[in-house]
Amino acid sequence: MTGILVRSLSGFYDVDVDGREIRCRARGKFRYQKIKPLVGDWVELTLLGETEGVVDAVLPRRNAMDRPAVANMDQLVIIASGAIPVTDPFLIDRMTAIAEAKRCEPIVLFNKWDLQPVPQLLELYQRAGIRALACSAKTGEGLAELRQIIAGKISVFTGNSGVGKSSLLNALDTNCVIPTGEVSRRLGRGRHTTRHVELFRLPGDAMVADTPGFAAFDTQYPELLDPRSLAELFREFRPYLGECAFVDCAHVKEKGCRLLEALREGRISSSRHESYVRLYEQAKEHHIWEDK
């Protein structure tokens, strides 16, 4: 039989089979084949009892991420906040680029709108062609639209510690009772209340993965982007690509760059382009090191 892996803890894999959870171990062959089952994986399993089984095979994945460790995402919901902890826009841009690289839809959700609305950032991402919405787990603002967005899809909630990922899940489904933590005002960040990736089944045939939060300047993602194709991961850049004076244009400071011209004309936001340049320099340094 087949099911979807919803939880991985200490060598055990909890697999949802038509709404029933089966606790499984993986076959020994996975260790030798260096295959690690991930939350979101569709797997074949053999029952060993009413609630126990063994994972026989991991079915082909549509996509996968190492951090958070999850597979087969339809969309990456990047939860940000204008209140403490304030989310660095560069972090949002990095995650939207990773989502594009993984061929899943990026959604930018500004939580805690009741505490600190950030309309300029909301408009910035909407103008970039990315679905973005205002939300509040406390007041319920935006929850109806969020329910529509996640219905029938596998969504991954990710963002800084303390932005309210678990609080949003609790608000979306009262049957979810996920621990939430206070934000440290001294440090300006939240405590990691979510310790592992877990996939929750919500009303509307939605499945949502809650993931451990990360610090505002966490850069330890293994998804290293190729500098030659990085501009493609910024969807508002795409209409201008291929129109530059030089084929190998990096879109950083070159003469005859059509993208920089669009930037000067205000058709591309300066903050998004600044994030692109930072990512480009990071990716370029990595590839130079690899070449050596």
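The values are calculated or read from the model by the stated rules, or taken from the named source; none is laboratory data. Please read these numbers as outputs of a predicted model, since none were measured by experiment. Cβ sites come from the backbone with ideal geometry, for glycine too, and all protein chains shown count toward neighbours. When the accessible area is computed, the model is the full protein with side chains, heavy atoms only, and any ligands, DNA or RNA have been set aside. Shrake-Rupley method; radii C 1.70, N 1.55, O 1.52, S 1.80 Å.
Beta bridges per DSSP, both residues in the chain: antiparallel share near 55 percent.
Our helix-only sum for the chain, with -39,500 (n - 2.57) per DSSP H run of n ≥ 4 divided by its residues, gives a mean residue ellipticity at 222 nm of -7500 deg cm²/dmol. Quick check: Cα centre of the stretch 241-260 to Cα centre of the stretch 114-166, how many Å? Using only Cα atoms, the two centres lie 33 Å from each other.
When the chain is treated as a Gaussian network with alpha carbon springs shorter than 10 Å, the biggest mean-square fluctuation among Arg61, Arg31, Arg103 belongs to Arg31.
Over the alpha-carbon set of the chain, divide Rg by the Kirkwood Rh and report the Rg/Rh ratio to two decimals.
Numbers: Rg = 20.5 Å, Rh = 20.4 Å.
On the Cα set of the chain, Rg over Rh gives 1.00.
In order along the stretch 235-240, the phi-based Karplus estimate (6.51 cos²θ - 1.76 cosθ + 1.60, θ = phi - 60°) of 3J(HN,Hα) comes to 4, 6, 7, 4, x, 9 Hz; Gly and Pro are listed as x.
Taking amide H positions as modeled 1.01 Å from N, with prolines and chain starts lacking one, the residues under 5 Å from Ala26 and 5 or more places away or on another chain are Val55.
What full-extension length gain, to one decimal in nm, is calculated for Arg238 and Lys138 as 0.36 nm per residue of separation minus the Cα-Cα distance? Present the calculation step by step, with values, prior to reporting the outcome.
Details: separation 100, 0.36 × 100 = 36.00 nm, distance 3.74 nm.
Difference between extended and current length: 32.3 nm.
Computed extension length for Gln116-Glu50: 18.8 nm, one decimal, from 0.36 nm per residue of separation with the Cα-Cα distance subtracted.
Keeping all protein chains in place, calculate the accessible area per residue for the stretch 19-120 (probe 1.4 angstrom), answer in Å². Could the numbers behind the result be given before it?
Working: 4690 Å² over 102 residues.
Per residue, the stretch 19-120 has an accessible area of 46 Å².
If a/c stays under 1.5 just call it rounded; otherwise compare a/b with b/c (prolate if a/b is bigger, oblate if not). Do that for the stretch 45-177, with a ≥ b ≥ c from the square roots of the Cα gyration tensor eigenvalues.
Details: a/c = 2.36, a/b = 1.59, b/c = 1.48.
Here the stretch 45-177 falls in the prolate category.
Karplus-based coupling profile of the stretch 33-40, in residue order and whole Hz: 7, 6, 10, 10, x, 10, 4, x, with θ = phi - 60° in 6.51 cos²θ - 1.76 cosθ + 1.60 and x standing for Gly or Pro.
Report, for the stretch 1-98, the % of DSSP beta bridges that are antiparallel, rounded to 5. Intermediate values should be presented prior to the final figure.
On the way: 21 of 26 bridges.
Counting DSSP beta bridges with both partners in the stretch 1-98, the antiparallel share is about 80 percent.
Model label points for His196 and Lys36, set 7 angstrom from Cα along the Cα-to-Cβ axis, are 1.3 nm apart.
The calculated FRET efficiency for the pair Asp205 and Asp226, based on their C-beta separation and a Förster distance of 35 Å, comes to about 0.50. The angle separating the long axis of helix 89-101 from the principal Cα axis of greatest extent in the chain is about 70 degrees. Measuring nothing but protein heavy atoms, the accessible surface of the stretch 28-138 at 1.4 Å probe radius is 51 percent carbon and sulfur.
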